[in-house]
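Report on the structure given below.
The values are calculated or read from the model by the stated rules, or taken from the named source; none is laboratory data. Just so it is clear, the model here is predicted, and its values are computed rather than measured. So basically every Cβ, Gly included, is an ideal-geometry build from the backbone, and we count neighbours across all protein chains shown.
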Amino acid sequence: MKKLLVSGFMLAFLLIIVGCGDEEALTIPANFTISAAADEISVVLDWDPSPADEDVEGYYIHFNSVIVDSTANETYTHTDPQETGTYNVSAYTADDESELSVTQSTIPVVETGWELYEIGVAGEESGFGWDVTDGTGAIYSMADETLAGSIDLYFTDWATGYGGDYEISSPDRAPSDPGAQNLAGTTGWRLTGFALLAANFDDVTVLPTTGYFDYEDVAINAAYGVYTEDGHYGLVEVQSVSQATGLVQIRTAFQTLAGLAILEH
């Protein structure tokens, strides 16, 4: 009798184990995307609903690997986070949670060591632009008309030569710039806006969403908010200027999420 009782307990235990093994995991939220909200300082999260037969109660919002909120909807607005980071969502029931969705990020791409020349320096590359897909920058020749659509800014003293006071300038001003002696073509140049910031490059969190102009006077170690023609925000710090050679050194940050003004890095 004792052996039979033990065998009964073992059978019940095995049935429980087998039953748990048959339980299916919750579906990971699919087609998870993020976008900038209309205020340009909040982030909108969207994803597909979970299958109806899973009886999902809601979704957890993960920001920088921490659950910051939950919702019963398939959209959520992270209001004015004041910082950048990574986002995921997961579905949950009373006693289960799905694996995390794919990761989406608002962390800007920061690059240093850029060297370009005032536009009056013959034979040198004077245009700078960002790739909106991966956020990386590049230096371009403004003597090549085919590159006009890739350039977001250049430096000029608005005179022939390169010994005057410099401006950071929108490329669409170049065709009328007296210093642009080597410019090729008058069309296709992009319109960019600039805002001189009170904060220095390393202290910037959120850029202003208004007050951008097609040029700003250059000051060493000053930081400039940038708004590109295709609706992306960037950040430029002028690290050095040589009026003897026309060389300008900058570092940059770029927000790949269009329309989002958060550049904390």
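Applying the condition of being of a type in the set (D, E, K, R) and under 13 Å from the mean Cα position of the chain (by Cα) to segment 112-145 and asking which residue is nearest to Glu83 (Cα to Cα) yields Asp134. Tell me, yes or no, whether segment 86-106 has at least one residue that is β-branched (Val, Ile, Thr), under 30 Å from Asp55 (Cβ atoms) and in a strand (DSSP E or B). Yes: segment 86-106 contains one or more residues that are β-branched (Val, Ile, Thr), under 30 Å from Asp55 (Cβ atoms) and in a strand (DSSP E or B).
Kindly indicate whether Thr228 is polar (S, T, N, Q), surrounded by 17 or more Cβ atoms within 10 Å (Cβ to Cβ) and either touching a residue at least 12 places away in the same chain (Cβ under 8 Å) or touching a helix residue (DSSP H, G or I) at 6+ places or on another chain (Cβ under 9 Å) (or both). Step through it out loud before you land on a result.
Details: polar (S, T, N, Q): yes; surrounded by 17 or more Cβ atoms within 10 Å (Cβ to Cβ): yes; either touching a residue at least 12 places away in the same chain (Cβ under 8 Å) or touching a helix residue (DSSP H, G or I) at 6+ places or on another chain (Cβ under 9 Å) (or both): yes.
The answer is yes for Thr228.
Gln243: out of contact with any Asp or Glu (no Cβ under 6 Å at 6 or more places or on another chain), under 14 Å from Gly120 (Cβ atoms), surrounded by fewer than 22 Cβ atoms within 10 Å (Cβ to Cβ) and not assigned by TED's automatic domain parsing to the domain that holds His78, yes or no? First the steps, then the outcome.
Numbers: out of contact with any Asp or Glu (no Cβ under 6 Å at 6 or more places or on another chain): yes; under 14 Å from Gly120 (Cβ atoms): yes; surrounded by fewer than 22 Cβ atoms within 10 Å (Cβ to Cβ): yes; not assigned by TED's automatic domain parsing to the domain that holds His78: yes.
So Gln243 fits the description; yes.
Of all residues in segment 53-66, those that are under 13 Å from Val89 (Cβ atoms) have Cβ atoms under 6 Å from Cβ atoms of residues that are part of a loop (DSSP other than H, G, I, E, B) and of a type in the set (A, V, I, L, M, F, W, C), 6 or more apart or on another chain, in Gly58/Ala72.
Scanning segment 141-168 for residues that are of a type in the set (S, T, N, Q), closer than 10 Å to Gly127 by Cα and in contact with an Asp or Glu (Cβ under 7 Å, 6 or more places away or on another chain) turns up just one, Ser141. Within segment 83-122, the set of residues being aromatic (Phe, Trp, Tyr), surrounded by fewer than 22 Cβ atoms within 10 Å (Cβ to Cβ) and not assigned by TED's automatic domain parsing to the domain that holds Met142 comprises just one member, Tyr92. Answer yes or no: is there a residue in segment 166-183 that is hydrophobic (A, V, I, L, M, F, W, C), in contact (Cβ under 8 Å) with a residue 40 or more places away in the chain and part of a loop (DSSP other than H, G, I, E, B). Checked segment 166-183: at least one residue is hydrophobic (A, V, I, L, M, F, W, C), in contact (Cβ under 8 Å) with a residue 40 or more places away in the chain and part of a loop (DSSP other than H, G, I, E, B).
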